[in-house]
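Q: The structure that follows is given in the form of structure tokens.
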Amino acid sequence: MSEAKKMSLTMKVLLGMALGIVVGLIINLTGLNENSFVSTYIIGTFHVIGKMFVNALKMLVVPLVFFSLICGVCGIGDIRMLGRVGGKAFVLYLMTTAIAIATAIGIAVTFGIGKGMNLETKSEFAGKESPPLSQVLIDIIPKNPIQSMANGDMLPIIFFAILAGVSVLMLGKKAKGVIAGAEMANEIMMKMVTIVMSVAPVAVFCLIAKAIATLGLGLLASLAGYVGVLVGSLLFHLFVTLMIVLMIFSRLSPAMFLKKIRNAQVFAFSTASSNATIPVTMRTVTERFGVNNSVASFTVPFGATINMDGTAIMQGVATVFIANVYGVELGITGYLTVILMSVLASIGTAGVPGVGLIMLSMVFTQVGLPVEGIGLVLGVDRLMDMIRTAVNVSGDAVVSTVVAKSEGALDVDIYRDPDAGMLDEDDVDLDKAMGVE
Ligand code: ASP
């Protein structure tokens, strides 16, 4: 496969994203989105193709997590490593989330966003509850694993798969067939990921064109202070904080990380869901970064559920913004409560679109801010969700890489090879697979 051809799929996805932004903007700025033909047939087509793609990704999540975790546990060799991987990932996930929100609050307070703003403060946002921590703990153990799988509840699926993997391991020789079967199933799932990813350029175009055509970017201007500080804090976290964490704990090159993570970021950006991006994140960290499946099979789905740096940043910035708009003085205790609540809320909520707002209403209730204030940032939230999800997924990948490196479960040669694991057209060449010339 030639170099130019190898490059093409990643480039095509980025191109799809850029074209999506341009086409979406054209439709929105010319007011064509109001035209019933355009909205029904053109935006409608974008919607259908985009949703089909997101469904295809979601379709892969549960079986992929299940089989790769069984393989991961069985391939781990030393079962104590499992506890260490879990402990390290948990601490790093919570730590990065706490740093993310603390920095975001610091930046937002420095800029004093929302101060003296005369916004219409009545809005129709009704808060929803995030589950309390006690319930999150109880729900880790599935009453019915099939039901958890059907609902896509990540923590109970992880629990069940680990227990199944440990049992297979304990059965030893007798369960050899199961291990081989799970390995095969895992490979099949990874192949399916490759196939779904190969249609991404078109799908990403549709998802983004639809989002921008319907939402427009005009709203961003009306909330320029909030949006500017939020996007700035997200970029700071991605390019500074996470890269420092990567360097300190793994001594690996941030430039290589940022280059290789792009694909997963684009998927996260266009789907606004860390959960739906799990297959792509998993493929990226194992095949592009060289993280062993025994670590990635656990850290990636775990991270998609409990690690939400970008979401925490949004909560920090939104809290400062709305407190200032309403003239509420939160003080240091208030902000510490916000940090604690956001970190706790991120544990129990899944990485799906818009969940950040639910977490935010829980935080607001806790610090006594009016929940309906969230309505002020509602209009721009979908676009912000896309950006913060890309940051969430990057955080999952950083922690997976760091934990793998510390456990000797990272192939540094793969990490350093810029072309390793690059999706190439041979991977989805049906003729070649069937031996047709
Ligand atoms: N959409 C985000 C995610 O899936 C969560 C959120 O911020 O709403 O990671």
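Q: Name the residue, out of Arg382, Arg416, Arg388, that is touching a Ser or Thr at 6+ places or on another chain (Cβ under 8 Å), within 16 Å of the ligand (Cβ to nearest atom) and at pLDDT 85 or above. Steps first, answer last, please.
A: On the way: Arg382 fails: touching a Ser or Thr at 6+ places or on another chain (Cβ under 8 Å); Arg416 fails: within 16 Å of the ligand (Cβ to nearest atom).
Being touching a Ser or Thr at 6+ places or on another chain (Cβ under 8 Å), within 16 Å of the ligand (Cβ to nearest atom) and at pLDDT 85 or above holds for just one of Arg382, Arg416, Arg388, which is Arg388.
Q: Look at Gly368 and say whether it is more than 16 Å from the ligand (Cβ to nearest atom), open to solvent by less than 10 Å² (accessible area, probe 1.4 Å) and within 23 Å of Lys115 (Cβ to Cβ).
A: Numbers: more than 16 Å from the ligand (Cβ to nearest atom): yes; open to solvent by less than 10 Å² (accessible area, probe 1.4 Å): no; within 23 Å of Lys115 (Cβ to Cβ): yes.
Taking the combined requirement at face value, the residue does not satisfy it.
Q: Could you tell me which of the residues Leu219, Leu246, Leu215 is surrounded by fewer than 24 Cβ atoms within 10 Å (Cβ to Cβ), farther than 28 Å from Asp429 by Cα and within 16 Å of the ligand (Cβ to nearest atom)? Quick ask: steps written out before the conclusion?
A: Values: Leu219 fails: within 16 Å of the ligand (Cβ to nearest atom); Leu246 fails: within 16 Å of the ligand (Cβ to nearest atom).
Criteria check complete, one pass: Leu215.
Q: Can you find a residue in the range 285-296 that is open to solvent by 10 Å² or more (accessible area, probe 1.4 Å) and within 16 Å of the ligand (Cβ to nearest atom)?
A: Among the residues of the range 285-296, not one is open to solvent by 10 Å² or more (accessible area, probe 1.4 Å) and within 16 Å of the ligand (Cβ to nearest atom), which makes the answer no.
Q: Just checking, which of Tyr415, Tyr326 is of a type in the set (Phe, Trp, Tyr), touching a helix residue (DSSP H, G or I) at 6+ places or on another chain (Cβ under 9 Å) and farther than 23 Å from Ser253 by Cα? Spell out the reasoning first.
A: Values: Tyr415 fails: farther than 23 Å from Ser253 by Cα.
Going through Tyr415, Tyr326 in turn, just one is of a type in the set (Phe, Trp, Tyr), touching a helix residue (DSSP H, G or I) at 6+ places or on another chain (Cβ under 9 Å) and farther than 23 Å from Ser253 by Cα: Tyr326.
Q: Do you know which residues across the range 253-279 are away from the ligand (no atom under 16 Å from the Cβ) and open to solvent by 10 Å² or more (accessible area, probe 1.4 Å)?
A: So in the range 253-279, the residues away from the ligand (no atom under 16 Å from the Cβ) come out as 253-260, 262-263.
Those that are away from the ligand (no atom under 16 Å from the Cβ) and open to solvent by 10 Å² or more (accessible area, probe 1.4 Å): Ser253, Pro254, Ala255, Met256, Leu258, Lys259, Arg262, Asn263.
Q: Among the candidates Gly356, Gly351, single out the residue that is buried (at least 22 other Cβ atoms within 10 Å of the Cβ) and assigned to a loop (DSSP other than H, G, I, E, B).
A: Numbers: Gly356 fails: assigned to a loop (DSSP other than H, G, I, E, B).
Criteria check complete, one pass: Gly351.
Q: Go through the range 380-437 and give me each residue that's open to solvent by 60 Å² or more (accessible area, probe 1.4 Å), part of a helix (DSSP H, G or I) and of a type outside the set (S, T, N, Q).
A: Selection gives Arg382, Lys405, Asp413, Arg416, Leu430, Asp431, Lys432, Ala433.
Q: Still on this structure, please answer the following. Give just the number: which of (1) over 17 Å from Ser406 (Cα atoms); (2) not in a helix (DSSP H, G or I) does Leu235 not satisfy?
A: (2)
The values are calculated or read from the model by the stated rules, or taken from the named source; none is laboratory data. Note that the structure is predicted; figures quoted are calculated from it, not measured. Positions of Cβ are backbone-derived with ideal geometry, glycine not excepted, and every protein chain shown enters the neighbour counts. Accessible surface is based on the protein model in full, side chains and every heavy atom, while ligands, DNA and RNA are left aside. Shrake-Rupley method; radii C 1.70, N 1.55, O 1.52, S 1.80 Å.
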